[in-house]
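A short write-up of the structure that comes next.
Derivation of every value follows stated rules applied to the coordinates shown; laboratory data play no part. Just so we're clear, the structure is a prediction, and the values are computed from it rather than from any experiment. We place every Cβ from the backbone using ideal geometry, glycine too, and count neighbours over all the protein chains shown.
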Amino acid sequence: MKKLEKLKEWDKTYLWHPFTQMKDWFESDPLIIDRAEGVYLIDIYGKRYIDGVSSIWCNVHGHRHPFIDRAIKEQLEKVAHTTFLGLSHPPGILLAKKLVEMAPDGLTRVFYSDNGATSVEVAIKMARGYWYYRGEKQRTKFIALKGAYHGDTIGAMSLGGIPIYQEPYSPLLFPVIRVEAPYCYRCPFKKTYPQCGLLCLEDLERALKEHADETIAFIIEPIVQGAAGIIVQPPTYLKKAWELCKKYGVLFIADEVATGFGRTGKMFACDHEEVKPDLMCLSKGLTGGYLPLGVTLAKEEIFQAFLGEYQEFKAFFHGHTYTGNPLACAASLGSLEVFEKEGVLEKLQSKIRLLEKELKRFWELDHVGDIRQKGFMVGIELVEDPSTKNPFPPEKKVGQKVVLEARKRGVIIRPIGDVIILMPPLSISEWELTILIEAVYDSIKACV
């Protein structure tokens, strides 16, 4: 027991946790996870918790899935890592082939990196390089949505639209043309869908019309803006945005880091509206939530723009030490095997319907302002006054209180401000899903 308590002491002495106010952390009793099994995380004392946010949206098939465990072990007996610069390896090749076969039509090339943010950085450079080598060097701008989140590296953060993440670093970021997002609950135009006629699209078209000749690309989290609070875009918004980009000759980048691999009910969010992006970014669920890996898929036309003679120096000068890591690629192949052999997407549909049904009772709670769901991505927005939509003062820490209350009930969730996020592994059973929903309902009720 003393050793376990020492772990907490050393954590507070030596670590700096991500997206965490460490002053609060020092005053807390840290939850330290020792192992996992299926949809459960198990702490150092042996207590089990349902992983209600898939270890930050990445675990797909549950923890310690035998297919993925086996794939990693078999690869480890061959080689753990070898460079992808000037060399190749079987899992990297096989994974690229599978991804191209399952991705939206037209995406023919796979570039590996380390995580979601790096996959976006790669897309930024590919898109700019494409226009540069076509002789359109005046194209230097990106268009992105307000409330967007594309990662925390400098380029990805530039594209993001959440001020609290950006403000201290604003002098380092490149300028972006920012347009209104379809946040229907807090519509900037004070309209109601569908009577609004997707007025927010007019803002995008205005930006495209004014800046098309200098614009590299429009980037979007398709169907769901994750870190903005699970903002679900109304039907046809995505497809019409894609069509506008085609109309004005601007590249379309789909950031599917959070939405990919079944989260929205289809393999990719773009599949819901048959959108075919020019570039697509993947990570999180790519390896089933086992190992870090990022992928940027590109159309052949973009790839071809970088081809030339050696002395022209047109190659895509970008890479990472662990680009295409064999263990991560093997894990991804194992995850895709689970999708195929266990009929994951087919089995998911009844669970999505159950989740939708059970969420309706949350409207009974006094401080629920909005409930947003797409597939297995859920955001429950808590507000001080639902009639005015006024948020709680930040110092009340309502979201954090709900999280701590849920832990008492054996559930791990993590909020975005006062939006309670539910995003369990796709493998969760209907019985476990009911337990998760009940615990979150009771936790909200107990806190507000």
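Listed values, structure above:
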{"item": "Restraint check, LYS12/LYS401; LYS246/LYS299; LYS2/LYS408; LYS397/LYS445; LYS97/LYS299; LYS190/LYS389, Cα-Cα greater than 18 Å", "result": "LYS12/LYS401; LYS2/LYS408"}
{"item": "Förster radius 60 Å - calculated FRET efficiency between LEU4 and GLU136, Cβ distance, rounded to 0.05", "result": "0.50"}
{"item": "At most 14 other Cβ within 10 Å, DSSP loop - trypsin sites (Lys or Arg not before Pro), the range 321-404", "result": "LYS389"}
{"item": "By average C-beta atoms within 10 angstrom, highest first, the peptides 201-214, 310-323", "result": "201-214, 310-323"}
{"item": "DSSP-defined beta bridges in the chain - what % are antiparallel, rounded to 5", "result": "65 percent"}
{"item": "Where labels lie 7 Å past Cα in the beta-carbon direction, separation of ILE42 and ASP105 in nm", "result": "4.9 nm"}
{"item": "Calculated FRET value between TYR165 and GLU210, using beta carbons and R₀ = 22 Å, to 0.05", "result": "0.25"}
{"item": "Whole-Å distance, taken between Cα centres, linking the range 25-94 and the range 412-448", "result": "21 Å"}
{"item": "Most to least packed among 296-303, 217-224 [average Cβ atoms within 10 Å]", "result": "217-224, 296-303"}
{"item": "The chain, relative contact order in percent, only Cα pairs under 8 angstrom and at least six apart counted", "result": "22 percent"}
{"item": "Within the range 336-439, GluC sites (Glu not before Pro) in DSSP loop having at most 10 other beta-carbon neighbours inside 10 Å", "result": "none"}
{"item": "For HIS63, HIS150, order by how many other beta-carbon atoms lie within 10 Å, fewest first", "result": "HIS63, HIS150"}
{"item": "Computed Kirkwood radius, in angstrom, where 1/r is averaged over Cα pairs of the chain", "result": "23.0 Å"}
{"item": "Listed residues CYS184, SER427, HIS318: farthest to the positive end of the dipole of the chain (Cβ charges)", "result": "SER427"}
{"item": "Ranked list, fewest to most other Cβ atoms within 10 Å of each Cβ, for THR153, THR13, THR215", "result": "THR13, THR153, THR215"}
